[in-house]
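What follows is a single structure, written as structure tokens, with notes after it.
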Amino acid sequence: MAGAEGARSGRGQQNGDGSGGKRPRLAAEPDRGNRVTVVLGAQWGDEGKGKVVDLLAVDADLVCRCQGGNNAGHTVVAGLVEYNFHLLPSGVLNRHATSFLGNGVVIHLPGLFEEAEKNLKKGPGLEGWESRMVISDRAHIVFDFHQAVDGIQEQQRQQQDGKKFKVLAQQYKATYPALTIDTEAELQQLKVYAERIRPLVKDGVYFMHQALHGPPKKILVEGANAALLDIDFGTYPFVTSSNCTVGGVCTGLGVPPCHIGKVYGVVKAYTTRVGVGTFPTEQDNEIGELLQLRGQEFGVTTGRKRRCGWLDLMLVRYAHMVNGFSALALTKLDILDTFPEIKVGVEYRLEGKPIAYFPANQELLNKVSVGYETLPGWQCSTEQARSFADLPPQAQSYVHFIEHYLGVPVKWVGVGKFRESIIKIF
């Protein structure tokens, strides 16, 4: 029986090619193709990601958005023209690159085309944008009533005041009585947009697979929102509805983890936050007002005034734990030019004892006190600096302090809103 079984299975027999029935082995380490470079926010958003993406996109072949919607806002200054992007990747200004909206992006069709039209009026940078845009067929569409509901939920969150259970229960009982929908009018509008968007839609997974395994390409991924707004790792419940951390790149584009290359974190030289939620280093005083005034801290999407405070390195270190930054871009250093001394948050304490972690629980985070390191200011303008050596010694020391605390090198320093205002260190 053993012989018969062996004959049936082909064991020990030749295939006519001398292989003895064995398949040739594959290489242990197959060629993994192209890697993607990722740019992510390391705070609560508004760090200046758009400027960094714009810088890196100059010679990119493909610039991708992997999550978020038109609730994100990036400002890019090209020449003397200031562009405001919400859904469009900042790299859309590169006419030699393809822009891709992945499956993780939620698309408001009227907002997409209105955004393009507004920016087209500002300058020639966006001309022909539709010819270099691809949208994943797995991306979700968000309607006007989704945004209206989101606004109602935001109001409810702000009214929670420690009554989360009751508010959540009420949300499930309520059916948004203030919401009104003109169904027919919206459907007619969407039919028009459907015809415009149809030529842009492709199978996103296959599109990315071809980009990763085809000829060498420089692929750039632009994160929207930021680490502390991540639905899983952010300061819940005051978060967005997507993963803004590096894992969102894989799920939002259909990219295997082995194709993730460099991951750059963007950090503002101080900290800002829009709306409600815990903010340990907030300066609700003349310091915060000066930061807000000098930094022109208003939301690109909402226009709301941003709350301001000192740089919180406990928070940035937590973002690094989750994302594993290869290097950092430190933006808006010039906003600190007038301060005689600058404080940096370096420690959290609970009940007087230092803690080494960033609390997930908002009640605990509300109770932390911050330990600061006070550094000397430079009290002179850095706006004309074009190399690291051009910065005042105290400004250089500020950058080095951040590097040493986090154990991550700073690759770029921003000292203004123009492209040439970003200093590349290495």
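Within the listed set 77, 52, 249, the Gaussian network model of the chain (springs between alpha-carbon atoms below 10 Å) gives the highest mean-square fluctuation for 77. Taking all protein chains as shown and a probe of 1.4 angstrom, residue 75 keeps an accessible surface of around 30 Å². Per residue, the stretch 53-105 exposes 28 Å² of solvent-accessible protein surface, assessed with a 1.4 angstrom probe and all protein chains in place. Dipole orientation for the chain: of the candidates 116, 416, 197, 197 has the Cα lying most toward the positive pole (charges on Cβ; Lys, Arg +1; Asp, Glu -1). Computed from backbone phi, the HN-Hα couplings of the stretch 72-77 come to 8, x, 10, 10, 10, 10 Hz, rounded to whole numbers (Karplus: 6.51 cos²θ - 1.76 cosθ + 1.60, θ = phi - 60°; Gly and Pro given as x). Its alpha carbons considered, the stretch 30-83 gives a radius of gyration followed by a Dmax of 13.3, 47 Å.
Dipole magnitude of the stretch 346-408 about its Cα centre, charges +1 at Lys/Arg Cβ and -1 at Asp/Glu Cβ only, in debye to the nearest 20?
Dipole size: approximately 120 debye.
Size descriptors for the chain: radius of gyration and Dmax over Cα atoms are 24.9, 92 Å.
Ordered from largest to smallest accessible area (heavy atoms of protein chains, 1.4 Å probe), the residues 402, 141 come out as 141, 402. Per residue, the stretch 288-425 exposes 46 Å² of solvent-accessible protein surface, assessed with a 1.4 angstrom probe and all protein chains in place. Given R0 = 45 Å, the distance between the Cβ atoms of residue 201 and residue 383 translates into a calculated FRET efficiency of 0.55. Dividing the radius of gyration of the alpha carbons in the stretch 59-136 by their Kirkwood radius gives 0.92 for Rg/Rh. Going by a ≥ b ≥ c, the root eigenvalues of the Cα gyration tensor, does the stretch 291-425 fall in the rounded group (a/c under 1.5), the prolate group (a/b larger than b/c) or the oblate group? In terms of gyration-tensor shape, prolate. Neighbours of residue 259 by Cβ distance under 11 Å: Lys/Arg scored +1, Asp/Glu scored -1, total +2. The accessible surface of the stretch 196-350, taken with every protein chain in place and a 1.4 Å probe, is 56 percent carbon and sulfur. If only the Cβ of Lys and Arg carry +1 and only the Cβ of Asp and Glu carry -1, the dipole of the chain around its Cα centre is close to 1060 debye.
Among 125, 298, 407, flag the residue with its Cα farthest along the positive direction of the charge dipole of the chain, charges on Cβ as +1 for Lys/Arg and -1 for Asp/Glu. My answer, from the dipole projection, is 407.
Amide H contacts for residue 264 (H built 1.01 Å from N in the peptide plane; partners 5 or more residues away or on another chain; cut-off under 5 Å): 38, 39, 40, 326. In the elastic network of the chain, a GNM with C-alpha springs shorter than 10 Å, the most mobile of 332, 305, 163 is 163.
Candidates 241, 48, 364 compared by Cα position along the dipole of the chain: farthest toward the positive end lies 241, with charges placed on Cβ.
At the residue level, residue 207 shows approximately 40 square angstrom of accessible surface with a 1.4 angstrom probe and all protein chains present.
For the stretch 52-158, what % of the accessible area comes from carbon and sulfur atoms, probe 1.4 Å? Exposed carbon and sulfur together represent 51 percent of the surface.
With the helix formula -39500 (n - 2.57) applied to DSSP H stretches of n ≥ 4, the chain reaches a computed 222 nm mean residue ellipticity of -9000 deg cm²/dmol. About its Cα centre, the dipole of the stretch 294-368 is roughly 220 debye, where the only charges are +1 on Lys and Arg Cβ and -1 on Asp and Glu Cβ.
The values are calculated or read from the model by the stated rules, or taken from the named source; none is laboratory data. Fair warning: this is a prediction, and the values are worked out from it, not measured in the lab. Positions of Cβ are generated from backbone atoms using ideal geometry, with glycine treated the same way; all protein chains shown enter the neighbour counts. The accessibility values were calculated without ligands, DNA or RNA, using every heavy atom of the protein model including side chains. Shrake-Rupley method; radii C 1.70, N 1.55, O 1.52, S 1.80 Å.
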